[in-house]
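Since the structure comes first, as structure tokens, the remarks are kept for the end.
The values are calculated or read from the model by the stated rules, or taken from the named source; none is laboratory data. Since we're looking at a predicted model, the values are computed, not measured. Backbone-built Cβ (ideal geometry, glycine too); neighbour counts: all protein chains shown. What goes into the accessible areas is simple: the full protein's heavy atoms, side chains included, and nothing from ligands, DNA or RNA. Shrake-Rupley method; radii C 1.70, N 1.55, O 1.52, S 1.80 Å.
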Amino acid sequence: MPRYNPAVIEPKWQKYWAENRTFRAPEMPEGEKRYILDMFPYPSGNGLHVGHPEGYTATDIMSRFHRMCGRSVMHPMGWDAFGLPAEQYAKKTGTHPRITTEKNIDTFRRQLQMLGFSYDWDRELATTDVDYFRWTQFIFLVLFDTWFDHEQQKGRPIAELPIPDDVKTEGDTAVEIYRDEHRLAYQCETPVNWCPALGTVLANEEVIGGLSERGGHPVQRLPLRQWMLRITAYADRLDKDLDSLDWTESIKLLQRNWIGRSTGAEVDFFVGSEADCNAGRPSEAAFENWKHRRARGGLPRKPGDDVLRIYTTRPDTLFGATYMVIAPEHPYVKRLTTPENAAAVEKYCTEASFKSDLDRTELAKEKTGVFTGSYAINPVNGEPVPIWVADYVLISYGTGAIMAVPAHDTRDFEFAVQFGLPVICVVDPGETKEVDREKLIAGEIAFTADGTAINSGEYTGLSTPEFKKRIASDLSSTGLGRAAVNYKLRDWLFSRQHFWGEPFPILHEL
């Protein structure tokens, strides 16, 4: 047998495959079909790296296997060619990014063809092709003109969105604002990774240790108006439809944890007027008047200026809330901060803006925070609750504000210990070896599991599941809260590119 000589055999057959279009998928295939798609690489100036062929080898094996089994296989290749590196190179050299991008694509294509992958090169595309991104713009416009109907669990034209009567009475502008609040593609002010030196917003993976991956420039978390895609509207469908997928349970679990569906309640804590906040807390009369108004009108669609709305998975622990925390990016920070605390709060929020979400939560060695000087009123017992700013609370989860129950939440317990805040046990674990009940009652440890309510007024003696059900109903009937569902899944921030990216097909008149 002649010895295998890749320098001879590989070019020979690669030339044959190219001339005869061996791997071209037919336009009208017969029999079984397979569509095998690789993640498109970004064509950088450095060419392929070892990670590219590592993944592409597996999909190429699958493609060849299915062809040998008589199936029609479409296995294309393309280029995710918009991006910040090409833009920065253009600024540095004065060369238009299309020129450098197409040059890099030629290099990538040549290298992939040398590796002998069985791609259908007749179906090659780049995301920078005008004929291609016109369709991404078309899809964007479809999303912009669509809202998600939770009852039908599908998207519907925005023209079919039911408009509440109270919104109609406010006029056409209010109706348009209401529609904009329900579009699948929408704009809002949200915290982003802003890099002044690069003049653009960066994705989380482009920020390392508070610096930009490209150039090592400082990156700060700032609220900016951005385009978003409302993928959270589909969270329940994403979660439910995992059941029909032929995936391993471990992969499905990773997906469910990414979606992060949780059930609990939204609860409003009264903070009063701006004058009340400057004074530290609202009066008892103002709180009672607010409760009466809520009992008549119910929980409003949006929280008013006089409340902090929180989301909790444990409404049964409301009586154990000894302080509240708002994220440093919360829009109420300035409003809730008293004059004597303003300097400390501003300094703390600035420092937090240079930290990533990972640094603030999982990598944080100790809890940090600062007191605003203001108090909210706990709706279930009328007790004043101090409001703190702390970076372990993220604006991207829930409402960006929490009621802190240190006796029954580990993070809250650590914070309470750090700053000497009260720890009140409201869930009795009963006689169990897993928990030192005496230490728990004394406020020396935290207990996060279910049990029996104590120190909870009329709810004392209820089991945790009974308490949750009853408190959600009572809060709803009095207009102070309601049952709610939340997700770790976030809406997709869409507008990261500064120049070398698809232009948005929406023009806002000034």
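Can you work out ³J(HN,Hα) from phi for every residue in region 295-305, in order, using Karplus 6.51 cos²θ - 1.76 cosθ + 1.60 and θ = phi - 60°, giving whole Hz and x for Gly and Pro?
Calculated HN-Hα couplings, in order: 4, 7, x, x, 6, x, 4, 10, x, x, 5 Hz.
Inverting the mean 1/r over all pairs of different Cα atoms, compute the Kirkwood radius of region 146-298 and quote it in Å. Could the numbers behind the result be given before it?
Values: mean 1/r = 0.0489 Å⁻¹.
Hydrodynamic radius (Kirkwood, Cα pairs) of region 146-298 is 20.5 Å.
Roughly how far apart, in whole Å, are the Cα centres of region 351-410 and region 3-22?
So the two Cα centres are separated by 63 Å.
Over region 52-118, with every protein chain in place, what whole percent of the accessible area is carbon and sulfur at 1.4 Å, could you tell me?
60
Leaving ligands, DNA and RNA out of it, report the carbon-plus-sulfur percent of the accessible area of region 235-309 at a 1.4 Å probe.
Looking at region 235-309 in its full context, I get 50 percent from C and S.
Using alpha carbons only, how many degrees (0 to 90, rounded to 10) separate the axis of helix 249-259 from the longest principal axis of the chain?
60
Which of G481, L493, Q113 sits closest to the plus end of the dipole of the chain, meaning its Cα is farthest towards the positive end, when Lys and Arg get +1 and Asp and Glu get -1 on the C-beta?
Checking the options against the dipole of the chain, the answer is Q113.
Counting other Cβ atoms within 10 Å, keep those with at most 10, restrict to DSSP loop, and tell me which GluC sites (Glu not before Pro) in region 107-162 are left.
Numbers: sites: E124, E151, E160; in loops: E124, E151.
Sparse-neighbourhood loop GluC sites (Glu not before Pro): E151.
Bin all alpha-carbon pair distances of region 264-309 at 10 Å intervals from 0 and give each bin's fraction as a whole percent.
Result, from short to long distances: 26, 56, 17, 0 percent.
DSSP loop trypsin sites (Lys or Arg not before Pro) in region 352-435 with at most 16 other Cβ atoms within 10 Å of their Cβ, which ones?
Numbers: sites: K355, R360, K365, K367, R411, K433; in loops: K355, K365, K367, K433.
Of the trypsin sites (Lys or Arg not before Pro), the ones in loops of region 352-435 whose Cβ has at most 16 other Cβ atoms within 10 Å are K365, K433.
Mind pulling the angle between the C-alpha long axis of helix 342-352 and the longest principal axis of the chain? Nearest 10 degrees, somewhere in 0 to 90.
Relative to the chain, helix 342-352 is tipped by roughly 30 degrees.
I need to check one value: relative contact order of region 361-406, counting alpha carbon pairs closer than 8 Å and at least 6 residues apart, in percent. Mind showing how you got there, number by number?
On the way: 45 pairs, mean separation 14.7, N = 46.
Relative contact order of region 361-406: 32 percent.
Mean projection of the alpha-carbon convex hull of region 357-401 over all orientations, in nm²? Present the calculation step by step, with values, prior to reporting the outcome.
On the way: hull surface 15.7 nm².
Taking the Cα atoms of region 357-401, their convex hull projects to 3.9 nm² on average.
For the chain, what does -39500 (n - 2.57) per DSSP helix run (n ≥ 4), summed and divided by total residues, give at 222 nm, in deg cm²/dmol to the nearest 500? Numbers along the way, then the final one.
Numbers: 17 runs with 176 residues, N = 510.
-10000 deg cm²/dmol, from helical runs alone.
Out of the DSSP beta bridges found with both residues in the chain, what percent are antiparallel (nearest 5)?
Details: 48 of 56 bridges.
About 85 percent, rounded to the nearest 5.
Tally up the carbon and sulfur contribution to the accessible surface of region 310-349 as a whole percent, 1.4 Å probe, everything protein left in place. All intermediate terms of the calculation are to be shown ahead of the outcome.
Numbers: 840 of 1420 Å².
C and S fraction of accessible area: 59 percent.
Kindly report the accessible area of the chain per residue (heavy atoms of protein chains, probe 1.4 Å, no ligands, DNA or RNA), in Å².
Dividing the accessible area of the chain by its residue count gives 56 Å².
Projected onto the charge dipole of region 1-75 (+1 at Lys/Arg Cβ, -1 at Asp/Glu Cβ, origin at the Cα centre), which of V8, M68, F40 gives the Cα projection farthest towards the positive end?
V8
Can you list the residues, at least 5 places off or on another chain, whose amide H is less than 5 Å from the amide H of E329, using H built in the peptide plane?
Here I395 satisfy the definition.
Taking amide H atoms as placed 1.01 Å from N in the peptide plane, list the residues 5 or more away in sequence, or in a different chain, whose amide H sits under 5 Å from that of G155.
When sequence neighbours closer than 5 places are left aside, the close amide H contacts are D149.
Determine the gain in length on full extension of the stretch R237-N46; use 0.36 nm per residue of separation and subtract their C-alpha separation, reporting nm with one decimal. Don't jump to the answer; show the numbers that get you there.
Values: separation 191, 0.36 × 191 = 68.76 nm, distance 4.05 nm.
Contour length minus Cα-Cα distance gives 64.7 nm.
Calculate one ³J(HN,Hα) per residue across region 153-169 by plugging θ = phi - 60° into the Karplus curve 6.51 cos²θ - 1.76 cosθ + 1.60, and present them in order as whole Hz with x for glycine and proline.
With the stated coefficients, region 153-169 comes to 6, 7, x, 9, x, 4, 5, 9, 5, x, 9, x, 4, 5, 6, 4, 5 Hz.
Could you please state, rounded to a whole Å, how far the C-alpha centre of region 97-161 is from the C-alpha centre of region 269-296?
Comparing the Cα centres of region 97-161 and region 269-296, I get a distance of 52 Å.
What angle, in degrees between 0 and 90 and rounded to the nearest 10, separates the Cα long axis of helix 410-419 from the longest principal axis of the Cα atoms of the chain?
Value to nearest ten degrees: 60.
Return the loop-located trypsin sites (Lys or Arg not before Pro) in region 1-80 (DSSP other than H, G, I, E, B) with at most 16 other Cβ atoms within 10 Å of their own Cβ; answer none if there are none. Could the numbers behind the result be given before it?
On the way: sites: R3, K12, K15, R21, R24, K33, R34, R64, R67, R71; in loops: R3, R21, R24, R71.
Of the trypsin sites (Lys or Arg not before Pro), the ones in loops of region 1-80 whose Cβ has at most 16 other Cβ atoms within 10 Å are R3, R21, R24, R71.
Note down the magnitude of the dipole of region 362-480 about its Cα centre, charges +1 on Lys and Arg C-beta and -1 on Asp and Glu C-beta and zero elsewhere, to the nearest 20 debye. If you can, show how the numbers build up before the last one.
Values: 9 positive and 17 negative charges, 44 e Å.
The dipole magnitude comes to about 220 debye.
As a test question: what accessible area, to the nearest 10 Å², does F138 have when a 1.4 Å probe is rolled over all protein chains in place?
Ignoring ligands and nucleic acids, F138 comes out at about 110 Å².
Before anything else, pin down the relative contact order of the chain: Cα pairs under 8 Å, at least 6 apart, normalised by residue count, whole percent.
Values: 844 pairs, mean separation 76.6, N = 510.
Answer for the chain is 15 percent.
With θ set to phi - 60°, apply the Karplus curve 6.51 cos²θ - 1.76 cosθ + 1.60 along region 386-393 and write out the HN-Hα couplings as whole Hz, x wherever there is a Gly or Pro.
Per residue, the Karplus-derived 3J(HN,Hα) values read x, 10, 10, 9, 8, 7, 7, 9 Hz.
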